[in-house]
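Structure, as structure tokens:
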Amino acid sequence: MMKPPIDHDLDPPGTSAPVHVGIIMDGNGRWAKARGLPRYEGQRRGVEAVRRAVRSAGELGLRYLTIYSFSSENWSRPAEEISDLMGLLKRFIRNDLAELHQSNVRVKVIGARANLASDVAALLGEAEELTRGNDGLTLVVAFNYGARQEMVEAARRLAADALAGKIDAASIDEAAFGARLDTAGIPDPDLVIRTSGEQRLSNFLLWQAAYAELVFLPIHWPDFDHAAFVSALAQYAARERRFGGVAPEKIAQSAS
Ligand code: IPE
Ligand code: IPE
Ligand code: MG
């Protein structure tokens, strides 16, 4: 039987603007090293790039921006650098939270809270609490985050719910698993950007980015600006997302 013709006006090839962008903010240390500066200076300038990125995300009409700020594996860094990174996070929240709130940004934190210092955990909680009712950009801060750890935790929750008789093990599906991840209720990222030229995910949103487009930028994070964001979105717009299906042109050919 002939397939009905596809209406390409209703289903244009190419990809519109992303709803959710994830960013692996990498290369702060190398940015500093290239300038003969201490790594700390790169991390400090990285915070300025975060401010720019949040502003740009709003201007570019994104609904969700996830920033990978500290990974579960970053604990393997020297104690002094970890302490610098914790200090920068605290300063960022103390300095910028009021302005984020005024800009109608909703802050959501993903990652493990348990092994964080109490003042760090309290500030993250405060940022979420203050901005909970905002309906502008959702800024998802991945802090002490690792995708494998998040998925193991989801499995543990499912097992506990099954043991408690709240769910039937045979009925566990993708939605049940996704609902127990830290990102429950947040749409999957359409695009993941990584700076620094490195081409890997480093344990970032492994479940959620199953069908994300990946853009690797050859600049270090402190140099990320509005133009870099626009260029990443332009690369995204030129991609054709198929989700395992067949490109629209090919359907048209096989139908004729
Ligand atoms: C990204 O920059 C910041 C974090 C991972 C916290 P890096 O600190 O990883 O900088 P490079 O990759 O060593 O240059
Ligand atoms: C990924 O960067 C983590 C963050 C950006 C927070 P890393 O610098 O830790 O990644 P690897 O070690 O190069 O894979
Ligand atoms: Mg790095």
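Taken together, the values in this text are just the output of simple stated rules run on the coordinates, not laboratory data. This one's a predicted model, so the numbers in the text were calculated from it and none came from an experiment. Positions of Cβ are backbone-derived with ideal geometry, glycine not excepted, and every protein chain shown enters the neighbour counts.
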statement: For the chain, one quarter of the surface area of the C-alpha convex hull, expressed in nm², comes to 17.4 nm²
- prompt: Of the peptides 115-122, 191-198, 57-64, how do they stack up when ordered by the mean number of other Cβ atoms within 10 Å, highest first?
  reply: 191-198, 57-64, 115-122
- line: Computed for the chain: size of charge dipole around the Cα centre, +1 on C-beta of each Lys and Arg, -1 on C-beta of each Asp and Glu, debye to nearest 20, value 520 debye
statement: Counting only backbone N atoms under 16 Å from a point 7 Å out along Cα-to-Cβ of Arg51, the residues of the range 82-97 in range are 88-97
message: Could you check the spin-label model distance between Leu60 and Glu129? Points 7 Å from the Cα along Cα→Cβ, value in nm.
response: 3.3 nm
statement: Ranked output for segments 210-223, 174-187 by mean other Cβ atoms within 10 Å, highest leading, reads 210-223, 174-187
query: Among 224-232, 153-161, how do they line up from the highest to the lowest mean number of other beta-carbon atoms within 10 Å?
result: 224-232, 153-161
